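Written out below as structure tokens is the structure these notes cover.
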Amino acid sequence: MTWAATILTLYPEMFPGPLGHSLAGRALGEGIWSLDAVQIRDFASDRHRSVDDTPAGGGAGMVMRADVLGRAIDDVLARRPDAPLLAMTPRGEPLTQNLVRGLAKGPGVSILCGRFEGFDERVFEARPILPVSIGDYVLSGGEMGALSLLDACIRLLPGVMGAALSGEEESFEGGLLEYPHYTRPLEWEGRRIPEVLRSGDHAKIAAWRKARAVEDTRLRRPDLIERHGDVRRRSPSGAQREEES
């Protein structure tokens with residue numbers, strides 16, 4: 001079954017954007033996933049197609065109106081009732097690989113992209129929306145976050161990546177950063193590929209990769225070590241196989 005993405009946005013022309021190229025673009029052309037970009041302004045009721053208004057209580061900027069968003073959301077929910085509805089906002093929960101894997105295993109996803117100062121909070125109270133953030137920074141709108149989320153999901157769909165284990169042996173799978181990679185030439189600017197990777201001893205290679213994954217995670221992302229606890233029992237890359245979950 002085709003994995004379907006529906007995007008609610010003021011800029012539908014931004015899609016598929018970079019997702020029309022490389023792995024995601026090929027998968028889109030092959031029908032592995034589909035895309036529907038919905039113009040939020042189509043649900044405005046006035047002749048100016050207004051979607052925002054000044055913030056209650058005063059302040060800078062504009063806020064996206066709950067009545068317009070509600071109509072747009074209801075239209076999507078009626079057509080895609082099984083797909084989870086997400087909203088890209090810096091006030092949302094962090095996007096994690098665990099959440100991505102869950103979304104990739106489902107029928108698809110609907111994503112609401114904000115602009116201006118954000119959404120009228122009442123839409124979150126009145127509709128089943130999961131607020132999601134791609135990081136502790138602010139963008140001009142939710143579209144770039146939606147593209148990132150979609151790319152993370154699409155690459156995990158069956159038939160998109162060439163190697164069956166490619167999606168497992170990566171950063172954040174199992175709570176660790178991925179081990180470092182090397183390829184030819186053997187020596188570059190006086191730096192050589194670690195000898196263990198040329199040994200042909202798969203057990204030693206696996207042990208080296210696990211040690212480097214743990215070491216790099218402790219140095220660069222100690223928060224991951226604290227969050228996931230003991231990493232010694234995890235696979236060399238930090239990946240967790242499906243049969244272990």
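The values are calculated or read from the model by the stated rules, or taken from the named source; none is laboratory data. All values reported here derive from a predicted model rather than from experimental measurement. Here the Cβ positions follow ideal geometry from the backbone for every residue, glycine too, while neighbour counts run over all protein chains shown. Each accessible area value is taken on the protein alone, full model and side chains, heavy atoms only, with ligands, DNA and RNA left out. Shrake-Rupley method; radii C 1.70, N 1.55, O 1.52, S 1.80 Å.
Points worth noting:
- Being out of contact with any Phe, Trp or Tyr (no Cβ under 9 Å at 6 or more places or on another chain), at pLDDT 95 or above and within 30 Å of Thr2 (Cα to Cα) holds for only one residue in Asp151, Asp120, Asp201, and it is Asp151.
- Count of segment 58-103 residues, restricted to those that are open to solvent by less than 20 Å² (accessible area, probe 1.4 Å), more than 17 Å from Gly142 (Cα to Cα) and touching a residue at least 60 places away in the same chain (Cβ under 8 Å), is 2.
- Residues (touching a Lys or Arg at 6+ places or on another chain (Cβ under 9 Å) and among the basic types (Lys, Arg)) located in segment 33-75: Arg41, Arg49
- Residue count, segment 197-210 (criterion: exposed (fewer than 13 other Cβ atoms within 10 Å of the Cβ) and aliphatic (A, V, I, L, M)): 1
- Of all residues in segment 134-154, those that are surrounded by fewer than 19 Cβ atoms within 10 Å (Cβ to Cβ) have Cβ atoms under 8 Å from Cβ atoms of residues that are of a type in the set (Lys, Arg) and assigned to a loop (DSSP other than H, G, I, E, B), 6 or more apart or on another chain, in Ser140/Arg115; Gly141/Arg115.
- Of all residues in segment 40-57, those satisfying the criterion of being surrounded by fewer than 17 Cβ atoms within 10 Å (Cβ to Cβ) and either free of Cβ contacts under 8 Å to residues at least 12 places away in the same chain or in contact with a strand residue (DSSP E or B) (Cβ under 8 Å, 6 or more places away or on another chain) (or both) are Asp46, Arg47, His48, Arg49, Asp53, Thr54, Pro55, Ala56, Gly57.
- Residues in segment 1-36 that are outside any loop (DSSP other than H, G, I, E, B), open to solvent by 40 Å² or more (accessible area, probe 1.4 Å) and touching a helix residue (DSSP H, G or I) at 6+ places or on another chain (Cβ under 7 Å): Met14, Pro18, Leu28, Leu35.
- Filter pass, Gly106 being more than 19 Å from Arg41 (Cα to Cα), among the small types (Gly, Ala, Ser) and without any contact (Cβ under 8 Å) to a residue 12 or more places away in the chain: no
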